Amino acid sequence: MADKFQAVVIGGGPGGYVCAIRLAQLGFKTACIESRGSLGGTCLNIGCIPSKSLLNLSESFHKAKNFSKIGIEVGEIKLNLQKMMENKDKAVSVLTKGVEFLFKKNKVTYFKGIGKLKSNKEINIIGLDNSQTTIESDNIIISTGSEPVSIPGVEIDEKIIVSSTGALSLKTVPKKMVVVGGGYIGLEMGSVWSRLGSEVHVVEFLDHITPGMDKEISSEFMKILKKQGLKFHLNTKVEKIVKNNNGVRIDTIDKTGKKEELDSDVVLIAVGRKAFTKHLNLEKLGIELDEKKRINVNKKFQTNIENIYAIGDVIQGPMLAHKAEEEGIAVAELIAGQSGHVNYNVIPGVIYTTPEVAAIGDTEEQLIEKNLKYKVGKFPFMANSRAKAIDEPEGFVKILADSTTDKVLGVHLIGPHAGELIAEMAIAMEFGASSEDIARTCHAHPTFSEAVKEAALSVDKRQIHS
Ligand code: NAI
């Protein structure tokens, strides 16, 4: 007799494991199937967490090299890359084990293996030990995430031609690294290896980096990264990548037709990700996909088969761990008959470079496209006492508010701790705050958050410190 569950989640990433825990909290007999052998998905194992660990460790190395400038005399600063990688691996293993503990605490059954849909209520599991099991469930939630896309004709070997996975585990610091794609992954991993000593070249197809970001922030971001030593080749497409005895050769062509050959030790392909639905058997069940091969769902996250749901990177929307988590909670509550909901207008995005970049809501370009009238408030960290005190004065805060109602429509930040500051803006926007609400809220002194308050004051041109 097959084991019977009320809910089974396929995929144990941030969307899936959060969903499974919430379902169990709501009283469902729940299981989660994960093929990786450890929980937490791309984010915890080969994405957000190891990259944030390396960003922090490489930043410490970079800062240590400049200690003498701030009056700290130390001996020769040397990099021990192996130890740094061990530290990163420790962060990953502690956190993945933590999720396993949460499953036990919440009585979620954890199957290690590949889940394959057999019918709308049955799932075959091919265990990591090659065992075969079939389980049954009233509700099935697909949360199988995404995988990197490559460039046609280019095979990723994770040694010389790497995706983010390989870029997180290089054994030596490449003398030169070419990054294809000036998006989140390219700029975070490019920053890591640049700080550790690589000459980093970013090849970007468009005329700007980080597509979709407010243009003013994006151009300030590129200026700062250039000062840090990253080199940019905009309006440039990669035509061919060939491995050779010295590493790899990247043939590029720019918008004017000018061709260039870039030699490199390592090339990182960071040109986006695509939904991962490989083993699910979706065609057999007739589950509908969209034109980008993502699973089609309605507002309740139901596929065209009503008891099969999908969340996270396999459906449309930004490929972000926290978006998947919100969907995981919402779908669990909807299955329980509650009114789970995700506010897609208020999903922050953060790039964890130094300085950090963070955004929420509409960009100025989107407001223009929507034909909305808006006011802009801006404040530079150069005029923020805390940022000056710690010598991190780069960047600014930009608040976009409705011209008539003053409601905050978008906030864009580049500067110290931007990724934390954006949480205040998320709360403000969830509560439908006006820029005046933020401007009249007391912010502690001296903090970076005062720059947010001053930007809000600046919407009505009454900022004090600039
Ligand atoms: P991305 O979509 O952020 O950026 C890809 C870039 O590659 C774009 O700028 C695009 O114009 C460029 N591009 C595409 N084809 C190209 C070509 N042939 N030659 C040159 N440039 C080309 O994708 P990325 O960086 O791979 O990240 C994938 C996903 O992972 C994103 O959706 C992102 O949201 C998520 N992510 C989020 C992070 C965070 O929240 N901090 C960190 C890392 C990834």
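Which order do 425, 84 take when ranked by solvent-accessible area (1.4 Å probe, heavy atoms of all protein chains), largest first? All intermediate terms of the calculation are to be shown ahead of the outcome.
Values: 425 0, 84 20 Å².
Result of the area sort, largest leading: 84, 425.
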Leaving out same-chain residues fewer than 8 places away, which lysines sit with a Cα under 23 Å from that of residue 258?
-> 176, 226, 231, 237, 240, 243
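Can you tell me what share of the DSSP beta bridges in the range 161-271 is antiparallel? A percent to the nearest 5 is fine.
Numbers: 14 of 28 bridges.
Expressed as a percentage, antiparallel bridges in the range 161-271 total about 50.
With all protein chains present, how much of the accessible area of the range 346-458 (probe radius 1.4 Å) comes from carbon and sulfur, to the nearest whole percent? Before the final figure, lay out each step's value.
On the way: 2610 of 4790 Å².
Of the solvent-accessible surface of the range 346-458, carbon and sulfur hold 54 percent.
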Spacing of the two label points (7 Å from each Cα toward its C-beta) at residue 442 and residue 105, in nm | 3.5
Vicinal HN-Hα couplings computed from phi for the range 182-188 (Karplus, 6.51 cos²θ - 1.76 cosθ + 1.60; Hz; Gly/Pro x) | x, x, 3, 5, x, 7, 5
Considering amide H positions built from the backbone, and no H for Pro or chain starts, which residues 5 or more places from residue 463, or on another chain, come under 5 Å of its amide H?
-> 458
For residue 279 and residue 118 in one chain, what is 0.36 nm times their gap in residues minus the Cα-Cα distance, to one decimal in nm?
-> 56.8 nm
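Take each of the peptides 103-114, 338-349, average the number of other beta-carbon atoms within 10 Å over its residues, and list them starting from the highest. Present the calculation step by step, with values, prior to reporting the outcome.
Values: 103-114: 16.8, 338-349: 14.8.
Result, highest mean Cβ count within 10 Å first: 103-114, 338-349.
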Once the Cα atoms of the range 103-258 are picked out, what are the Rg and Dmax in Å?
-> 21.2, 60
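Based on alpha-carbon positions alone, could you give the equivalent ellipsoid semi-axes of the chain from the gyration tensor, as √(5λ), descending, whole Å?
Numbers: eigenvalues 276, 182, 98 Å².
Working from the Cα gyration tensor, I get semi-axes of 37, 30, 22 Å.
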HN-Hα J couplings of the range 43-54 from phi, Karplus 6.51/-1.76/1.60, θ = phi - 60°, integer Hz, Gly and Pro as x?
-> 3, 7, 8, 9, x, 3, 5, x, 6, 5, 4, 5
PRE zone check, label point 7 Å out along Cα-to-Cβ of residue 63, amide N under 18 Å, scope the range 343-382, hits 352-357
In nm, give the distance between the simple-model label positions of residue 427 and residue 346, each being 7 Å from the Cα along the Cα-to-Cβ direction.
-> 1.1
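About its Cα centre, what dipole magnitude does the chain give when the only charges are +1 on Lys and Arg Cβ and -1 on Asp and Glu Cβ, stated in debye to the nearest 20?
700
Applying a 10 Å radius around every beta-carbon, put 129-139, 153-163, 307-317 in order of their mean neighbour count, most first.
Working: 129-139: 14.7, 153-163: 16.5, 307-317: 24.5.
Averaged packing, sorted descending, gives the order 307-317, 153-163, 129-139.
Would you mind calculating the gained length between residue 338 and residue 239 on full extension (0.36 nm times residue separation, minus the Cα-Cα distance), in nm to one decimal?
Values: separation 99, 0.36 × 99 = 35.64 nm, distance 5.09 nm.
Gain on extension, residue 338 to residue 239, equals 30.6 nm.
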Residue-ordered couplings for the range 423-436, obtained by feeding phi - 60° into the Karplus form 6.51 cos²θ - 1.76 cosθ + 1.60 and rounding to whole Hz (Gly and Pro as x), are 5, 4, 6, 5, 4, 4, 5, 4, 8, x, 5, 8, 5, 5
Residues whose placed amide H lies under 5 Å from that of residue 240, excluding near-sequence neighbours | 251
Taking H as built 1.01 Å from N, whose amide H comes closer than 5 Å to the amide H of residue 410, not counting residues under 5 places away?
-> 362, 400
Distance (nanometres) between label positions extended 7 Å along Cα→Cβ at residue 206 and residue 2 = 4.4
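The values are calculated or read from the model by the stated rules, or taken from the named source; none is laboratory data. Being a predicted model, the structure only gives us computed values, none of them experimental. When we count neighbours, we look across all protein chains shown, and the Cβ atoms used for this are built from the backbone with ideal geometry, even at glycine. Protein only, heavy atoms only, side chains kept; ligands, DNA and RNA dropped before computing areas. Shrake-Rupley method; radii C 1.70, N 1.55, O 1.52, S 1.80 Å.
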